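A short write-up of the structure that comes next.
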DNA sequence: CTGTTAGCGCTTTCAG
DNA sequence: CTGAAAGCGCTAACAG
């Protein structure tokens, strides 16, 4: 009834525990007939090695942590998909943690991971995060971290990102070509790499097209989507009402959409929106909401592969590998001037 | 540099390991001054107990497994949210596993969980699952399982579901009231409780409204969405073309939508669709796609709470607790006859 | 080829 | 109030 362990097998077979252990791991220093017997009994008793007993000895758990801002977001959902696929293939197990885009949560989670529960970490930073100090102790403990998408440039670990500058540039140009003159930029952070790059693309596209940059059209958003919607509503109701919105993450695109709905501002006639978004249901989107779609599944796979490479010590823990994948701009709705 | 453990603290303080252990767990049989010293040093050295060493002794890992068909689906994403929230609060950690709606994956995962990696399991079955035989060994090992949404009625564990019969009935009636005469039902399974109940609701609503039940309008779908779309396309192109579709899970609603798009069948004029769906972006949906929205977040919380209750032994492992929560029908688009 | 032994880091009797 | 010692299940030196 109770747990079958090496001891039980050893006793019933009248051999030593270590022989059983070795037989099961197909050691070359065990006789064929012994191996056979052991394997049979193990099979029959449905023996399953206790993973954590082994961890204790070998100092590796085959668990990794996945720390993301949210999961009800197609980008992260697809990334998780990719990560889980690689993990399952490589025999790793994935612990999931959500920060809800709060730095405090992120710090708490980081603290929890300091005790050896996991071998490595895949992470996408919160919008509030401004430095990686809270992750320093993890690297001190030689726990490798790979970041994807939401990264901070200064951190010396692996990173997987997309061509954020280009995407920001193209997204903005898309709105300009559709006739927008007053384009708002919704940011989640001043410090995240993606936020900076996307905004730089935005600024450069404006300049290139001789459209003055207006600070009042750049909105710093928070983890709280209700507040964000209020900010957007305020902007839309002000004399600065933009005719185009560039939402730098999915939930801000959705908030923008809701705000426009509430004010009965037709999309895309009155306001055009382009957002970073991986909604698989994109085809269901109201026309007028164009998107920058990142290859989330591949990014997840890439990040996991990179982490496992570090864990298998086939590269230095802190080697600064950087992978960049291309995003895709999906235009929807009229692109003509309104 | 390396790990601080009880031994290190004990040595620097010149007391025994067990005293340190006790001091840290605030045992009443340790002097205040000793406790103080220990706590200070622990704090200073940033001591974090190794969770798996404790697991080995106490036979509990504080890890739970979450096994779901998919994550790129708002229903499951929100449920994960709820589960993670409760887990974080209770000090549990969540290992995530995806079956992609394949029984084979589900069985493999179940086998992996047999070894004590987790204390308990929260699960939503794959569409292919017809029995819970592959989970029997888990319950034999006293690993409690709580199911949510995708359950099989015969299993003696906890379950969290919604009012599936009512929802199926109302969804069908919604289409009937909108003028539909030929309503297709897209099923993911013959065996899952939700599939049976939803279909029963569908059948009863038809009968009540004196609409003949037509077997050719009941489509059994698979985990493969491309195939499903083909099935739907075939149906829409046949002489049996329905004027209403009731999709029993989110991805089938999306597949239906895509199929209609491809055939340029206007929704909801030509074909009305109602689907179980928790798209947070529901407001973005094309009008005409009505939904049954389940309280996924609450269901996740409920399932997690139930599991933790079992784990804390405040109830029998196999007590058949059943919780049912109400869904909500969200009508979109015209409800008038076409 | 096989057994003995010593831990991995922690908790928990059992003695003082 | 504190320490010694056993042991959770497993692996890996070290002997034979």
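Hey, got the average number of other protein chain Cβ atoms within 10 angstrom for residues in A:141-147?
1
Using the beta-carbon distance between residue B:140 and residue A:137 and R0 = 41 Å, what value does 1/(1 + (r/R0)^6) give for FRET efficiency, to the nearest 0.05?
E between residue B:140 and residue A:137, to the nearest 0.05, is 0.50.
Report the relative contact order of chain A, percent, no decimals, based on alpha-carbon pairs under 8 angstrom and at least 6 residues apart.
Across chain A, relative contact order equals 19 percent.
Please compute one quarter of the surface area of the Cα convex hull for segment A:88-132 and express it in square nanometres.
About 3.5 nm², averaged over all directions.
Based on other C-beta atoms within 10 Å, arrange B:99, A:154 from fewest to most.
Fewest-to-most ranking of B:99, A:154: A:154, B:99.
Given the peptides A:155-164, A:233-242, B:246-255, B:16-25, arrange them by the average over their residues of other C-beta atoms within 10 Å, most packed first.
Result, highest mean first: B:246-255, A:155-164, B:16-25, A:233-242.
Mind checking Rg over Rh on segment B:2-57, alpha carbons, Kirkwood formula for Rh?
That ratio is 0.95, to two decimals.
Take B:45, B:103, B:95 and order them by how many other Cβ atoms sit within 10 Å, fewest up front.
B:45, B:103, B:95
Work out the mean other chain Cβ neighbour count within 10 Å for the residues of A:104-115 and drop it here as an integer.
Taking all residues of A:104-115 together, the mean is 2.
Which residue fluctuates the most in chain B, going by a Gaussian network model with Cα springs under 10 Å, if the choices are B:324, B:108, B:70?
Per the Cα network of chain B with a 10 Å cutoff, B:108 tops the list.
Would you calculate a helix-derived [θ] at 222 nm for chain A, using -39,500 (n - 2.57) for each DSSP H run of n ≥ 4 and dividing by the full residue count, to the nearest 500?
-13500 deg cm²/dmol
Using only Cα atoms, locate the centre of segment A:232-276 and the centre of segment A:154-208, then give the distance between them in Å, rounded to an integer.
Each part reduced to its Cα centre gives a spacing of 17 Å.
How far apart, in nanometres, would the label points at residue A:177 and residue A:89 be if each is projected 7 angstrom from Cα along the Cα-to-Cβ direction?
3.5 nm
Which distances, in nm and shortest first, link the residue B:203 label point to the same label point in every other copy, taking 7 Å along Cα→Cβ?
Label point to label point, same position, other copies: 6.6 nm.
Angle between the Cα long axis of helix A:296-311 and the longest principal axis of chain A, 0 to 90 degrees, nearest 10?
It works out to around 40 degrees.
Would you list the P(r) distribution for chain A, with all Cα-Cα distances sorted into 20 Å bins from 0 and each bin expressed as a whole %?
All Cα pairs, binned at 20 Å, distribute as 28, 44, 19, 8, 0 percent.
Pairwise over distinct Cα atoms, reciprocal of the mean inverse distance: report the Kirkwood radius of segment B:1-100 in Å, one decimal place.
16.2 Å
Starting from the Kirkwood Rh over alpha-carbon pairs, what translational D in µm² s⁻¹ does segment A:129-265 have by Stokes-Einstein at 37 °C and 0.692 mPa s?
Calculated translational D: 204 µm²/s.
Relative to the first principal axis of the alpha-carbon coordinates of chain A, what is the inclination of helix A:32-45, with its axis defined by its Cα atoms, in degrees from 0 to 90 and to the nearest 10?
60 degrees
Once the label point is set 7 Å along the Cα-to-beta-carbon vector, what list of distances in nm do you get between residue B:27 and its counterparts in the other copies?
Ordered by increasing distance: 3.6 nm.
Please report the antiparallel percentage of DSSP beta bridges with both residues in chain A, rounded to the nearest 5.
Once the DSSP bridges in chain A are tallied, antiparallel ones form about 10 percent.
Percent antiparallel among DSSP beta bridges with both residues in the protein assembly as shown, to the nearest 5?
Within the protein assembly as shown, antiparallel bridges account for around 10 percent of the total.
Modelling each spin label as a point 7 Å along the Cα-to-Cβ direction, I'd like the residue A:104/residue A:130 distance in nm, to one decimal.
With each label point 7 Å from Cα toward Cβ, the separation is 1.7 nm.
With 10 angstrom as the radius, rank A:57, B:150, B:332 by how many other C-beta atoms surround their C-beta, starting from the fewest.
A:57, B:332, B:150
Assume the label is 7 Å from Cα along Cα to beta carbon: what separations in nm does residue A:220 have to the matching positions in the other copies?
The answer, with the shortest distance listed first, is 5.9 nm.
Averaged over all directions, how much area does the convex hull of the C-alpha atoms of the protein assembly as shown cover when projected, in nm²?
34.2 nm²
Where does helix B:164-177 land angle-wise versus the long Cα axis of chain B, in degrees 0 to 90, nearest 10?
With both axes taken from Cα atoms, the answer is about 30 degrees.
No value in this document is a laboratory result; all are computed from the given coordinates. Remember, predicted model here, so these are calculated numbers, not experimental data. With ideal geometry, Cβ positions are generated from the backbone for all residues, glycine too; neighbour counts draw on all protein chains shown.
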